[in-house]
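Here is the structure we will look at.
Just so you know, all these numbers are worked out from the coordinates, no wet-lab data involved. Keep in mind that this is a model prediction, so the values were computed, not measured. Cβ sites come from the backbone with ideal geometry, for glycine too, and all protein chains shown count toward neighbours.
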Amino acid sequence: MKKLSKEEIGKLGLYEFQAYIGAMNSPTFGGWKGTNRLIELLKINEIKKPKILEAGCSTGYITRYIAKRFNCEITGIDLGDLVLEIAHEETQKLNLTNVIFQTANVESLPFPDNSFDIVFGEAITALVPNPIKVLKEYKRILKPHGKIATLDLFMKESLSEELVEEISKIMSAVIGTPIRIRTFQEWEQIFTESGFNGIKIDDYYDDIFKRSYSFGDLVKIMFKMLYHMIVNKEMRKKLSPTLKFSRKFQETIKEGHFGYLIFMGTK
């Protein structure tokens, strides 16, 4: 994509800034292991050329991964114009013809009823104020007996309220919308109220916050981040609290206070 000016970079949210410097190219919660678990549970091969929707596709790394592996038509949606621009560019490089990207809000999806065989999303349902509303939107656009899968972070009840508030505040700053981290029990209640059939929820505790960077990519990302922090006062203001907190968050993860879940259901 085109190089942005210092002023344009300063106006970016942290989510889009990460995409701009090349840091949004692999899953977060559960890493690729979690993504492959979700894909395995969906059993995409059992559906003849399925129509798939990925909610919160970011730069499209999972969208392209599925498009290359399966005979399907897949649509990726996100709210970020910059991340979708990157998604388009990376997809064109691979000459993939079974992928579409478009701007859309998961709370009000621009698709007719009964449009998709599969709807899935990673680290997106936890980022909306009303997850039940979003899950019902997923259900609306699914075909009869269509499948849903979500992968989301949850916390154990042992975390202090002070730390929960701090984590929620930092994550909200990164995403740009208020976020409340939920317990596994709260998620169970939400999924039950969503009205899906055949509900299954698996919980995992490995690779909770892990991105798969090569050494070369990691060096490039760190260099770009440090450079923009030095030369861009606005971005420094946004990044500094997040970087300061990240060490504490990593320690909390090591102590076993978080897991991720994969929710499955059918319409």
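The string of couplings for region 82-88 from the Karplus curve (6.51, -1.76, 1.60, θ = phi - 60°) is 5, 5, 6, 4, 5, 4, 4 Hz, one whole number per residue in order, with x for Gly and Pro. Can you work out D for the chain in µm² s⁻¹ from Stokes-Einstein, where Rh is the Kirkwood radius over C-alpha pairs, the temperature is 25 °C and the viscosity is 0.890 mPa s? Diffusion coefficient, whole number: 128 µm²/s. Computed from backbone phi, the HN-Hα couplings of region 187-194 come to 5, 4, 5, 4, 5, 5, 6, 5 Hz, rounded to whole numbers (Karplus: 6.51 cos²θ - 1.76 cosθ + 1.60, θ = phi - 60°; Gly and Pro given as x). Of the residues Trp187, Ile230, Ala55, the one whose Cα sits farthest toward the positive end of the charge dipole of the chain, with +1 on the Cβ of Lys and Arg and -1 on the Cβ of Asp and Glu, is Ile230.
Using the structure shown, select from Lys11/Lys220; Lys51/Lys210; Lys2/Lys93; Lys6/Lys237; Lys48/Lys147; Lys169/Lys238 the pairs with a Cα to Cα distance greater than 24 angstrom. Long pairs (Cα-Cα over 24 Å): Lys51/Lys210. Taking a sphere under 14 Å around the Cβ of Arg37 and counting the other residues whose Cβ falls inside, with K and R at +1 and D and E at -1, yields a net charge of -3.
Summing charges over all other residues whose Cβ lies under 15 Å from the Cβ of Leu12, with Lys and Arg as +1 and Asp and Glu as -1, gives +2.
Listed by chain and number, the aspartates and glutamates whose C-alpha is less than 18 Å from the C-alpha of Lys244, apart from same-chain residues fewer than 8 away, are Glu162, Glu165, Glu166, Glu234. Based on C-alpha pairs under 8 angstrom that are at least 6 apart in sequence, the chain has a relative contact order of 25 percent.
Computed from phi, the 3J(HN,Hα) profile of region 224-239 under the Karplus parametrisation 6.51, -1.76, 1.60 (θ = phi - 60°) reads 5, 5, 5, 4, 5, 5, 6, 8, 10, 4, 5, 6, 4, 4, 6, 7 Hz, with x in place of Gly and Pro. By the rule of a C-alpha distance below 13 Å, with chain neighbours fewer than 8 residues away ignored, the aspartates and glutamates paired with Lys133 are Glu107, Glu193. Among residues other than Lys2 with Cβ under 12 Å from its Cβ, the summed charge is -2 (Lys and Arg +1, Asp and Glu -1).
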